[in-house]
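Enquirer: Sending over a structure as C-alpha cells; questions will come in a sec.
The values are calculated or read from the model by the stated rules, or taken from the named source; none is laboratory data. Just so we're clear, the structure is a prediction, and the values are computed from it rather than from any experiment. Here the Cβ is made from the backbone with ideal geometry for all residues, glycine too, and neighbour counts use every protein chain on show. Heads up: the accessible areas ignore ligands, DNA and RNA and are worked out on the full protein's heavy atoms, side chains in. Shrake-Rupley method; radii C 1.70, N 1.55, O 1.52, S 1.80 Å.
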Amino acid sequence: MAGSGQSLQPVVLKHRRTALERVEKFVSDVYFTDCNLRGRLFGDTCPLESLSCFETPERIPYEEAIQQEFLPVKVGDCFGNTWKTCWFKIDLSIPRKWAGKEVHLHWESEGEGMVWKDAQPVQGLTREGEKTHYILTDCLKETDPHSLTLYVEVACNGLFGAGKGSMIALPDPDKKFSLQKAELVVFNRDVHELLVDFEILLDMAKLLGEENQRSFQALYAANRMVNLCDVTDPSTFPTVREVARSVFGQKNGDSQHVIHAMGHCHIDSAWLWPYEETIRKCARSWVTVIHLMEKNPEFTFVCSQAQQFEWVKSRYPGLYAKIQDFAKGGRFIPVGGTWVEMDGNLPSGESMIRQFLQGQRFFQQEFGKLCSEFWLPDTFGYSAQLPQLMRGCGIRRFLTQKLSWNLVNTFPHNTFFWEGIDGSRVLAHFPPADSYGLAGRVEEMLKTLKNNRDKGRVNHGVALFGFGDGGGGPTQVMLDRLKRMKDTDGLPRVQMSTPEQFFSALEKAEAQLCTWVGELFLELHNGTYTTHGQIKKANRECERLLHDVEVLSSFALSRKRSARYPSAELQRLWRLLLLNQFHDVLPGTSIQLVAEDAMRYYSEIRDAGVPLLTKAMQSLFGDVPGNHQQTPESTLVVNTLPWERTEVISKTGPGGSGTLALVTVPSLGYCAVQDSLPAPHSVTVTKEADGSFTMENNILRVCLDSLGRMTSLQLIHSKREMVPGGCLANQFVIFDDVPLYWDAWDVMDYHLETRKPITQLLSAAEITLPGGLRGSVKFSLRISEKSTLSQEVVLDAACPFVRFRTQVDWNESHKFLKVEFPAKVRSPNATYEIQFGHLQRPTHWNTSWDWARFEVWSHKWMDLSEHGFGVALLNDCKYGCSVRGNVMSLSLLRAPKSPDATADMGHHQFTYAAMPHLGSFQEAGVIREAYNLNFPLHVAPCGSERCQAWSAFSVESPAVILETVKQAEDRSDALVIRLYESHGSTVETWLRLSLAVQEAVLCDLLERPQPRGSLLLEERGVRLSFTPFQVQSVLLVLKWQDSP
C-alpha cells in the first residue's frame, strides 16, 4: 500500500539475458540509435567550406604536393588505383555557435590517411585503425581561429595492402578508393566516457561468468546506469558516471595478477606493401602516438627497428624531434636493439651480429642508451645461437609471441630462461594474450591472466596494445579502457609500464623460473626456408661478398696506414643487406613489389661491393688485372678463409685461354701461381656399356645411372659405401604443395604423401670433362610440361666431395621440388649447421614434438653420422631440409601463388654437394669443406714478383673458425676479428698473426673492450680459450712501418 512506506519503484527480479541485452542495445551503434546513448555521441555537423584533391602515382613530399593543381571533389567520389596517392585540400570554417564545444574533423575514406597542418604531419586517419577523427579543438573559444586549411594525404592501400578478396591475395591493381565522409562535427566527450564505462561493465558481466558475483555486480550497476541516464539531458551524466566509478573504485587484493600495458605498433618494414610505403606507415602511426602522449601523460609506447627510426629522421625531421623529446622522458621507448626485426633462422651469424651492432649503435647515438631487451614478436622461429649473440650485444631480455602460432604443440611457458647452445641465458617472456596488437579490452586482460602458463612462479605479464603489422598503433579509446581497469576488483591489475619495469619485476622471481634449452622452433611457416630461392641465394652471395670486402680491405689497411678502408660505404651496404633480412623479405612472404625491391638492393650491394673488392686488391697488389709485365704471367689466388686450401681453380692460360690448375693457398692470405701443382691422383670418368658412368679421384668413387642418379658413392680407401643397396641418391622428387591458408609461408605435413620421383630424361647423360684435374657428367630431366632441370656432376682432384651444379627452369604452381640422398647410416639424430655452430634434431617421429619438425632449416651443411662413418650434404644457397630415417632431403624450390604469384618462377642456378666421410663430421672437416664451397678462391692475373705468398692469420685448432676480419667501428687504427668454436668442444688454441700488432684486447660483440680483456702478444701469437660454440671478438691495434 502507498501509505505503508513501501517504494513506488519496485525491485525487479532481473533476468540475466534480458538485462545484458538491454545494456547492449543502449550502447549499440546498430539498434535504437534514435534513442540510445550511442546516438548522442555526435552533435551538430557542418559541411566543409571546400574540398579538392590532387592525385599522383608518386609518394611526394608535402612541399611539392601543395604546389600542385587541386580539383574539386565531393563525398562519394572515388580515387586511386592501388599504390597511388591522393592529396586532399580542406578549407573549413567552424560555426561560432559551437563555442565551448569539442570540434572534430570527421573523415572516413578507404586507404591510409595523414593530416597535415602548418606543414607538419599531425595525425593518422585510417578507418581500419579506428582513427576517423582529428580533434580541431577540445573546447572552442571565441579567440580560436575558426577558419583554417588542412591537407590529408591518402595512400591508396589499406593497413594490410590491397589484396583482392583476402588479405594475402595478390594486390588488386584496379581497386578504387572512396571518400565516405568529410565534415565538421561536435563531439560529445561526456557521452564517449559513458560509452567506455558501459563497455567495461558489460564485458565484466559477460566474461567473468555466472558463477562470479562480480559479474552480477557489474551487470546490475550497468542496468542502474541505464535507469539513471536520460540521453536528452546531459546533466544526468555525472550521476551515471558515479555509479560506474563505484565499481571501478573497488580495489583488488595484493595477490592479483599485474599486467604491464605498453602501447605498441608492429610495422612490417615490408610485406603486403613496399618499403617506401612503410616509411609513411611509420609517420602516420608515430605522429598519432605523439598526439596521444600529449593528451595522456601516463601513456608509454615501445618501438623497435632502428631502420624505421632512421627513415622518419630523414623524411620527417619535425616528427623525429618530438619522438626524441618523449624518448628523453622515458615514454617513447626504443626497444629491440636491431636494425630491423629480422628473420630468426636464415641470416648468418655475422649478419645477426650486424643487426645488433647497427641497431644498438644507432639507438646509442640517437637516444643516448642501448636497448636491454631483444624485441622480435613476429618471426618464424628463433635460432639457438641467439641468446649468446644477445648477451654479447648488451641484451639480457627477450620478448616474442610467435610460438603461440604452433600448429601441433603448445609451448609450455610464458616466462622462462632461454638457454642457447653455448650455455648463455636470457630472460624470455611470451605475452600470454598471444598477440602484440591488443585493443585494451576486458577479454584480452582476462586471457592474459588465464593463459599464463607459469602461474605460481610469476604474477606479471605484458599486454601490448595497438593496431599492428600494417601500423596504426594505439587509440584513445584503448587508453580509456585500460584506465578503468587500473585496479578494479575482479580483473587483473593493469598498469602502464615500460620494459624495464616489467622485466625488473620478473627478475625478482627468477629463482622460480624454468629453463628452455636450444632452438625455439615454430611449428608453422616452414615453407619460408625455401620460398623465393633467388632472394635467399642473393642473401648468401651478398653475405659472402661483404665478408670478402672486409677481409681484403683489412689486409690493405694492415699493410699501409694510407690505405682507405671503405667504412661508410660498407655500413651503407650492410644496412641494405640487413633491411632485406626483415622477417617477411628474406623468407619470401611479401608481394612482388617487395621482391623486386629486394633484388634491386642485392644488385646495388653487388654493384658497389665488387669494385670495393677490386680496390682492396689494387691497394694490396697494384693494378692487378692489367699487370702483365715482362715476367712470365702468373695467377694471383686469394683465400679469405682461415685455413690453407688446396683446390682446383680456373685461370687464364697462354693466349688468354682458360685452363685448370691445382693450387695451394695460405690461410687468410694469397700467393702467386705460375704452374699447377701435380695432382696426386688424376680424376677419371668412364662411360660403362649400360650407359652408366663412373668417376674417381682416389678419394671417392661415384657411380651414376643414365638419369644422373647415384647408384654408389664410395670412399675408395675404406671401401665404405654411402648409398644403400637398391636405393638411388641424387633423386629429384616433386610434391603437391597446397597449404591450408598461408601459401608462401606453409608447407604441410601431408605434402609428404604426394611424393613423385622425377624420371623423365630430356637429354641423355654425357661426359663434359673427361678427367685430369676435373671430371664431369651432364644430363637434363623434364620435371613437367612447364619445367626442366639440367645438372653437371663434378669431381675435382684432391676434393672430398662431389658437386652437383644445377640449373632449373621452373614454372610450376603449388609444387615442391626436393632432392633426396638415402644414406647407409643409422642414427637417431642428424646434425644441422646454424649460426656459429650446429645442433641435432631427431630423424624419427616418436613424439609430436619430433614429427612437427618434418621440415627444418640449416645453413651450409647437414650431416647424418653413425660411429665411424657419415654423410654430409653441403649447399651454396639453400636452407630448407630434412632427415627422415636414413633419407637426407634438400628442399630446392616451391611455387606458391600468394602473396606473390611470381615467387620462384623462372631460371635458377645452385650447387650442392655430397661428402661421405670416416669418423665424425668434425674429424672429417665437413665444416671447412662447406665454407670452401661457399667462399670460392679469388683468382686474377698478376706479375709473379709482386705477389709473394702471405698469410695474415691462422688458427692452430681446427675447431676454431676465424669468421670475420673488419675495421673497428670507433678506431681507424684497429681491426676486430671474430672467432667461434665450431665443434662443440672446450679448447685452447693459438691465433697466429702476420700483421704488425701493438695490442690485442678481448671485446664484446659491440666492440667494447672487456674488463681484464688484454691478451699477451707472444711469439706464437695470441693464446685463446673457448668453451663449446663460444663466439669471441678480439680488438687488434695495428702498428705500421710506413709513415702516416
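Enquirer: Among (1) in a helix (DSSP H, G or I); (2) polar (S, T, N, Q); (3) open to solvent by 20 Å² or more (accessible area, probe 1.4 Å), where does S562 come up short?
Expert: S562 satisfies all of (1) in a helix (DSSP H, G or I); (2) polar (S, T, N, Q); (3) open to solvent by 20 Å² or more (accessible area, probe 1.4 Å) except (1).
Enquirer: Now for a different question. Out of the strands (runs of 3 or more DSSP E) lying entirely within the range 779-844, which hold 2 or more residues that are more than 27 Å from the chain's Cα centre (by Cα), surrounded by fewer than 22 Cβ atoms within 10 Å (Cβ to Cβ) and not hydrophobic (A, V, I, L, M, F, W, C)?
Expert: The strands (runs of 3 or more DSSP E) meeting that bar are 788-796, 802-810, 815-822.
Enquirer: Can you find a residue that is more than 27 Å from H192 (Cβ to Cβ), over 42 Å from the mean Cα position of the chain (by Cα) and modelled with pLDDT under 95 anywhere in the range 48-70?
Expert: There is no residue in the range 48-70 that is more than 27 Å from H192 (Cβ to Cβ), over 42 Å from the mean Cα position of the chain (by Cα) and modelled with pLDDT under 95.
Enquirer: Can I ask one more? Enumerate the pairs (first residue in the range 1000-1022 and on the phi > 0 side of the Ramachandran plot and without any contact (Cβ under 8 Å) to a residue 60 or more places away in the chain; second residue anywhere and open to solvent by 40 Å² or more (accessible area, probe 1.4 Å) and charged (D, E, K, R)) with beta-carbon separation below 8 Å, excluding pairs fewer than 6 apart on the same chain, so at least 6 apart or on different chains.
Expert: From the range 1000-1022, the pairs are G1021/R992.
Enquirer: Let me ask something else about it. Filtering the range 261-286 down to residues that are under 18 Å from F465 (Cβ atoms) and among the aliphatic types (A, V, I, L, M), which residue is surrounded by the most Cβ atoms within 10 Å (Cβ to Cβ)?
Expert: Ranking the candidates gives A261 first.
Enquirer: For a quick check of your reading: which strands (runs of 3 or more DSSP E) sit entirely within the range 75-183 and have at least 3 residues that are β-branched (V, I, T) and more than 30 Å from L740 (Cα to Cα)?
Expert: Because the criterion is at least 3 residues that are β-branched (V, I, T) and more than 30 Å from L740 (Cα to Cα), the strands (runs of 3 or more DSSP E) in the range 75-183 that meet it are 147-155.
Enquirer: Sticking with this one: Mind listing whichever residues of the range 971-1001 are open to solvent by 30 Å² or more (accessible area, probe 1.4 Å) and either farther than 17 Å from R559 by Cα or polar (S, T, N, Q) (or both)?
Expert: Selection gives S972, H983, G984, S985, T986, E988, S994, Q998.
Enquirer: Please verify whether the range 323-343 includes one or more residues that are open to solvent by less than 10 Å² (accessible area, probe 1.4 Å), among the acidic types (D, E) and in contact with a His (Cβ under 7 Å, 6 or more places away or on another chain).
Expert: Yes, some residue in the range 323-343 is open to solvent by less than 10 Å² (accessible area, probe 1.4 Å), among the acidic types (D, E) and in contact with a His (Cβ under 7 Å, 6 or more places away or on another chain).
Enquirer: Identify, by number, the condition in (1) surrounded by fewer than 17 Cβ atoms within 10 Å (Cβ to Cβ); (2) farther than 17 Å from N730 by Cβ that L773 doesn't meet.
Expert: For L773, the exception is condition (1).
Enquirer: Mind counting the residues in the range 464-480 that are open to solvent by 10 Å² or more (accessible area, probe 1.4 Å), not β-branched (V, I, T) and not in a loop (DSSP other than H, G, I, E, B)?
Expert: Number satisfying all stated conditions: 3.
Enquirer: Somewhere in the range 13-34, is a residue in a loop (DSSP other than H, G, I, E, B), open to solvent by 40 Å² or more (accessible area, probe 1.4 Å), out of contact with any helix residue (DSSP H, G or I) (no Cβ under 8 Å at 6 or more places or on another chain) and in contact (Cβ under 8 Å) with a residue 60 or more places away in the chain?
Expert: Checked against the condition, which is being in a loop (DSSP other than H, G, I, E, B), open to solvent by 40 Å² or more (accessible area, probe 1.4 Å), out of contact with any helix residue (DSSP H, G or I) (no Cβ under 8 Å at 6 or more places or on another chain) and in contact (Cβ under 8 Å) with a residue 60 or more places away in the chain, the range 13-34 yields no hits at all.
Enquirer: If only one of V747, V733, V738, V702 is touching a residue at least 12 places away in the same chain (Cβ under 8 Å), of a type in the set (A, V, I, L, M, F, W, C) and under 28 Å from P680 (Cα atoms), which one is it?
Expert: V702
Enquirer: So, restricting to strands (runs of 3 or more DSSP E) that lie completely within the range 850-917, which ones have at least 1 residues that are within 20 Å of N829 (Cα to Cα), over 22 Å from the mean Cα position of the chain (by Cα) and of a type in the set (V, I, T)?
Expert: Correct list: 869-875, 880-884, 887-894.
Enquirer: While we're looking at this one, here's another question. Looking at this structure, is S590 in contact (Cβ under 8 Å) with a residue 24 or more places away in the chain, among the hydroxyl-bearing types (S, T, Y) and in a loop (DSSP other than H, G, I, E, B)? Show your work before the answer.
Expert: Working: in contact (Cβ under 8 Å) with a residue 24 or more places away in the chain: yes; among the hydroxyl-bearing types (S, T, Y): yes; in a loop (DSSP other than H, G, I, E, B): yes.
Spelling it out, S590 is indeed in contact (Cβ under 8 Å) with a residue 24 or more places away in the chain, among the hydroxyl-bearing types (S, T, Y) and in a loop (DSSP other than H, G, I, E, B).
Enquirer: Moving on to the next point. Filter the range 95-110 down to residues that are touching a Ser or Thr at 6+ places or on another chain (Cβ under 8 Å) and either crowded, with 21+ Cβ neighbours inside 10 Å or among the small types (G, A, S) (or both), then give me how many there are.
Expert: The total comes to 4.
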